[in-house]
Amino acid sequence: MDTFINLLSLIGSLGLFLFGMKIMSEGLEKFAGERLRNILAAMTRNRFMGVLTGITVTALIQSSSATTVMVVSFVNAGLMNLTQAIGVIMGANVGTTVTAWIISAIGFKVNIAAMSLPLLAIGVPLVFSGNSKRKSIGEFVFGFSFLFMGLSFLQQAATDLNIGAMVATMLSHVADGGFFTIILFVIVGALVTMLVQASAATMAITLMLFDMHIPGFGLEQAAALAMGQNIGTTITAVMASITAGTQARRAALAHMFFNVFGVIVVLVLFYPFCNAISWFVEEFMGVANNDLFKLSAFHTAFNIFNTLLLIGFVKQIEQFVCRVLPVKEEKEDHGLKFITGGLLSTAELSLLQARKEIVLFGERCQKSFNYVISMHEIEKESEFTTMFNKVEKYETITDNMEYEIAHYLQQVSEGRLSDDGKRQVQRMLREVDDLESIGDCCYNLARTLNRKRKNCEEHFTSGQLQQIKTMEQLVGKALSIMVDTLNQPEGEGHDISRSYELENEINNLRKNLRNENTQNIAAGQYDYKLGAFYIDFINGLESLGDYVLNVVQSKARQKVA
């Protein structure tokens, strides 16, 4: 019974460690908010800056998996290209080794768990604060406390279970000191990390076992486990990319290739590599009796060596993953493109994906309008019907996009957002509502042309067609400005004076054409039915222009009329 209780204690301690790491990481991500995107955008201009960014971000949030999943999501959302992503992933592998150094320095030497409760006392008022930033700092403090409490409980549970003797017994049945043992430990490290999906947790266990000085479990075996963890940690990014696009899957594959290739190379040089690490720690660092420092140094050196080895081949890695995962022939647009992978790790970052999706929404509305314009020139009934069906299909697409983006934004708003983030969600909801109305307007315009074709034998006069073309050109320009505005970064200062000018031109032209239409019908230039279809089409174009201006005003943070 005691053994069973101790086993549950071991599992619970690991769970507390993982939970602490999770909320510590999330607390820092939430505190950083949108700044993380700004950092990634500013610091990934070249591969070297990308590596530095990966190191910095991962060292801060203490999770290479979180960084890599974030990168995969950014690639999927079109916020980062594959070359930038590979650089950040390389840096993330180096940044994650900070955890091992922290544990080596204070985890088993200083009773940091004794300080956990006082730290929690400091964190309580922060967690219950109404201020978003203070709440995030409180979560970080809680996570830090839970992490080292879990580590302390893990060590105690391992001692109670006599894990050292159990591992020594298992090692006695394995080939003594052979290279097969090293390969076996690499595989075990990979499998365990795949199961817990946290290389930091398996690294903590490895450091704990290494600190027990178990016979047959020396630096080589511990180092092999650490290398296996580098392979196992790639499973998180792979899982995150399954529902994402091709580029995101390529980023995840690049991560796996980078880590597996590094392990293979270091295995070839394994024993000299371990000897060099021992010399470095003992002679260069002057630390003679600290095996944990040797393992941490191996972990860091392995990832730095791998990065230096492959940083010059980023383009070749990109070409390789592109060959392995070629782009399939894209079918016609149907649904969402950027937010299919779900929410990012924080609500603020998820807004970036929603923004890209809204830009795509605007582009599809523009495409639907272009289909309507082309219907004037079609003479064959079958071709006209095909084009009308396209517009009708796009009306359904815009309906679905409105619902799906709005539902996604509702999920985002359930997370913790800054005041600016909340206002951004409100603006985006207004934008998708107006964009859906633009899709409806395009469909109504197509229906007007379809009804005229079936119910009116007369064709539009050359004068009517010329005025329609003029109005369509004005609306087309307004749509182009709308899409450009949606593509601009968030913030004040959007110049939308041209949008107002076009709106005034459209309104004035519609007013003049209505008066002219009444006069032409009275003069007998064409019958009332043709004039009715004509002015219905003009009114539809004017209504579309109104919704276009609404979208531009929402994005520019100006009051919508």
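General remarks:
- Matching residues, region 509-561, being β-branched (V, I, T) and not in a loop (DSSP other than H, G, I, E, B): T518, I521, I535, I538, V548, V551, V552
- A223 being hydrophobic (A, V, I, L, M, F, W, C), within 29 Å of V88 (Cβ to Cβ), in a helix (DSSP H, G or I) and touching a His at 6+ places or on another chain (Cβ under 7 Å): no
- Condition check for K294 on (1) buried (at least 17 other Cβ atoms within 10 Å of the Cβ); (2) more than 22 Å from G95 (Cα to Cα); (3) among the basic types (K, R): one failure, at (2).
- Looking only at residues in region 44-66 that are among the hydroxyl-bearing types (S, T, Y) and either at pLDDT 75 or above or outside any helix (DSSP H, G or I) (or both), the one that is farthest from the chain's Cα centre (by Cα) is T56.
- Residue within region 514-525 that is in contact with a Phe, Trp or Tyr (Cβ under 6 Å, 6 or more places away or on another chain) and of a type in the set (A, V, I, L, M, F, W, C) present: yes
- Restricting region 249-265 to residues that are open to solvent by 10 Å² or more (accessible area, probe 1.4 Å) and over 15 Å from I183 (Cβ atoms), the residue that is nearest to the chain's Cα centre (by Cα) is R249.
- Residue check, I438 within 24 Å of S499 (Cβ to Cβ), open to solvent by less than 20 Å² (accessible area, probe 1.4 Å) and in contact with a Cys (Cβ under 9 Å, 6 or more places away or on another chain): yes
- Being part of a helix (DSSP H, G or I), more than 31 Å from the chain's Cα centre (by Cα) and within 20 Å of L52 (Cα to Cα) holds for only one residue in A301, A297, and it is A297.
- Tallying residues that are open to solvent by less than 30 Å² (accessible area, probe 1.4 Å) and not hydroxyl-bearing (S, T, Y) within region 371-394 yields 6.
- Listed conditions (1) open to solvent by 50 Å² or more (accessible area, probe 1.4 Å); (2) modelled with pLDDT under 90; (3) of a type in the set (S, T, Y) are all met by S418, apart from (1).
- One residue stands out in region 159-182 among those that are surrounded by 14 or more Cβ atoms within 10 Å (Cβ to Cβ) and either closer than 20 Å to F293 by Cβ or among the hydrophobic types (A, V, I, L, M, F, W, C) (or both): the one that is modelled with the highest pLDDT, namely I182.
- A count restricted to region 523-538 and to residues that are touching a residue at least 12 places away in the same chain (Cβ under 8 Å) and open to solvent by 30 Å² or more (accessible area, probe 1.4 Å) stands at 4.
The values are calculated or read from the model by the stated rules, or taken from the named source; none is laboratory data. Bear in mind the structure is a predicted one, so any value in this text is a computation, not a measurement. Neighbour counts run over all protein chains shown; Cβ positions are idealised from the backbone, glycine included. Just so you know, the surface numbers come from the protein's heavy atoms only, side chains and all, with ligands and any DNA or RNA stripped out. Shrake-Rupley method; radii C 1.70, N 1.55, O 1.52, S 1.80 Å.
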